[in-house]
1. Go through (1) open to solvent by 50 Å² or more (accessible area, probe 1.4 Å); (2) touching a residue at least 60 places away in the same chain (Cβ under 8 Å) one by one and return the number of the condition S69 breaks.
2. Is it the case that I33 is among the β-branched types (V, I, T) and open to solvent by 80 Å² or more (accessible area, probe 1.4 Å)?
3. Would you check if there is a residue in segment 3-15 being in contact with a Pro (Cβ under 7 Å, 6 or more places away or on another chain), assigned to a helix (DSSP H, G or I) and either free of Cβ contacts under 8 Å to residues at least 40 places away in the same chain or open to solvent by 80 Å² or more (accessible area, probe 1.4 Å) (or both)?
4. Scan segment 74-87 and give yes if some residue there is open to solvent by 60 Å² or more (accessible area, probe 1.4 Å), in a loop (DSSP other than H, G, I, E, B) and without any contact (Cβ under 8 Å) to a residue 60 or more places away in the chain, otherwise no.
5. Hey, G45 hits all of (1) farther than 22 Å from L3 by Cβ; (2) open to solvent by less than 20 Å² (accessible area, probe 1.4 Å); (3) not in a strand (DSSP E or B) but one; which does it fall short on?
Amino acid sequence: YVLGTGQDELNRLGLQHRIWADATTSVWKKAGIGPGAKVLDLGCGPGFATLDLAQLVTHSGVVVAVDESQPFLQYLKNIAQAQGLPQIQTAIAD
C-alpha cells in the first residue's frame, strides 16, 4: 500500500466510498447482485464496498473479501461483526 493502512487512509477511502456509493450500488443492482448472490471483492481494502455488497446479498448470500492488508481485513471483520453480517468472509492474499 503506497498510501498506507492507517487512520488517514481509512478516512480518505471512506470519503471516496461515500462519493461513489450510490453509483456503484446502482451498477451492482443492474448486474443482478441481490439476495442469495455470491460476490468476490478483490482488493477490498478496509471493506467499505464489501459492507454495501453484504447488504445487497443479505444473509442468504456471501461476500468474500480479499486483500493483502491484515489491518484492513481486521477493520472489516470488526465492523462486520458489530453490524451482524455473517455473510462476509475474508481472506488475506496478494
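1. (1)
2. On the way: among the β-branched types (V, I, T): yes; open to solvent by 80 Å² or more (accessible area, probe 1.4 Å): no.
No: the conditions fail for I33.
3. Filtering segment 3-15 for residues in contact with a Pro (Cβ under 7 Å, 6 or more places away or on another chain) gives 5, 10, 13.
Those left that are additionally assigned to a helix (DSSP H, G or I): 10, 13.
Now drop any that are not either free of Cβ contacts under 8 Å to residues at least 40 places away in the same chain or open to solvent by 80 Å² or more (accessible area, probe 1.4 Å) (or both), which leaves 13.
Within segment 3-15, one or more residues are in contact with a Pro (Cβ under 7 Å, 6 or more places away or on another chain), assigned to a helix (DSSP H, G or I) and either free of Cβ contacts under 8 Å to residues at least 40 places away in the same chain or open to solvent by 80 Å² or more (accessible area, probe 1.4 Å) (or both).
4. Of segment 74-87, the ones open to solvent by 60 Å² or more (accessible area, probe 1.4 Å) are 74-75, 77-78, 81-83, 86.
Then drop every residue that is not in a loop (DSSP other than H, G, I, E, B), which leaves 83, 86.
If we keep only those that are without any contact (Cβ under 8 Å) to a residue 60 or more places away in the chain too, we end up with 83, 86.
Within segment 74-87 (the criterion being open to solvent by 60 Å² or more (accessible area, probe 1.4 Å), in a loop (DSSP other than H, G, I, E, B) and without any contact (Cβ under 8 Å) to a residue 60 or more places away in the chain), the answer is yes, since at least one residue qualifies.
5. Here G45 meets the rest and fails (1).
The values are calculated or read from the model by the stated rules, or taken from the named source; none is laboratory data. Since the model is a prediction, treat every value here as computed from it, not as a measurement. In this analysis, Cβ positions are derived from the backbone assuming ideal geometry, glycine residues included, and neighbour counts consider all displayed protein chains. In case anyone asks, the SASA skips ligands and DNA or RNA and just uses the protein heavy atoms, side chains included. Shrake-Rupley method; radii C 1.70, N 1.55, O 1.52, S 1.80 Å.
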